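> Would you mind keeping the following structure in view while I ask a few things?
The values are calculated or read from the model by the stated rules, or taken from the named source; none is laboratory data. None of the values given here were measured: they were computed from a predicted structure. For neighbour counting, all protein chains shown are included, and Cβ atoms are generated from backbone atoms with ideal geometry for every residue, glycine included. Note: accessible area is taken over every heavy atom of the protein model, side chains too, but ligands, DNA and RNA are not part of it. Shrake-Rupley method; radii C 1.70, N 1.55, O 1.52, S 1.80 Å.
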Amino acid sequence: MSSFEGPIVDVGSGGGVPGIPLALALPGREVTLLEASGRKCAFLREATEALANVTVVQGRAEEQEPERFGVAVAKALAPPAVAAEWLLPLVAVGGAAIVYAGHVQGDLDAVAAALGAAAPEAHPVTGARDRSLLVFRKIAPTPAGFPRRAGVARKRPLG
């Protein structure tokens, strides 16, 4: 995997993984922890108050400014096709969306193409049975209309 420049967003940050470890490992990078739950955001703010490179934002991926980040990451957010729809619109061309995934269903190549990304690269996670990091490299702007309004991606996933 090559490195990608620009700020990082952890979508559906929950308890702060992988966003907080990334912020600690990459102190020169801006890391945004995006979480819909106010209670979880309060925890994240308290847990990261000593980290100058972390911002906690309460909200949903569908509500965020498009193509603002170099990298968008997600762990345990949604099935890969849904996570890709939420992450890729946030990423600038030349960046990547990285999804921690288990069993993959559906045609992710078609999902990636519909969202302006190359076919995903699967990188197995050592020691994690049947888990991989799916790297969607953003090669073109995401078409207008993505992500679809709240709830639609989960009800009617692409692919």
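> About its Cα centre, what dipole magnitude does the range 88-159 give when the only charges are +1 on Lys and Arg Cβ and -1 on Asp and Glu Cβ, stated in debye to the nearest 20? Let's see the in-between values first.
Details: 9 positive and 4 negative charges, 75 e Å.
Dipole about the Cα centre, nearest 20: 360 debye.
> For K40, list the lysines whose Cα falls under 17 Å from its own Cα; do not include residues on the same chain fewer than 8 positions away.
Output for K40: K75.
> When the accessible area of the chain is computed with all protein chains present and a 1.4 Å probe, what percentage of it is carbon and sulfur?
On the way: 4340 of 7950 Å².
Solvent-exposed carbon and sulfur of the chain make up 55 percent of the total.
> At a Förster radius of 30 Å, what calculated FRET efficiency corresponds to the Cβ-Cβ distance of A110 and R29, to the nearest 0.05?
Details: r = 31 Å, r/R0 = 1.04.
Efficiency at R0 = 30 Å is approximately 0.45.
> Kindly give Rg over Rh for the range 18-112, based on alpha-carbon atoms, with the Kirkwood expression for the hydrodynamic radius.
Numbers: Rg = 13.7 Å, Rh = 14.1 Å.
A ratio of 0.97.
> How far is it, in nm, from the label point at I139 to the one at A118 when both lie 7 Å from their Cα along the line to the Cβ?
Using points 7 Å along Cα→Cβ, the separation is 0.7 nm.
> Say a paramagnetic label sat at a point 7 Å from the Cα of E49, along Cα to Cβ; which residues of the range 2-16 have their backbone N under 13 Å from it?
none
> Report the one residue of H103, P27, P143 whose Cα lies farthest in the direction of the positive end of the charge dipole of the chain (charges on C-beta: Lys and Arg +1, Asp and Glu -1; origin at the Cα centre).
The residue sitting most towards the positive pole is H103.
> Averaging over all projection directions, find the projected area of the Cα convex hull of the chain and quote it in nm² with one decimal place. Don't skip to the answer; put the middle values down first.
Values: hull surface 34.8 nm².
Computing the convex hull of the Cα atoms and averaging its projections yields 8.7 nm².
> How would you rank 33-46, 4-17, highest first, on the average number of other Cβ atoms within 10 Å across their residues? Walk me through the numbers on the way to the answer.
On the way: 33-46: 17.4, 4-17: 20.4.
Output ranking for 33-46, 4-17: 4-17, 33-46.
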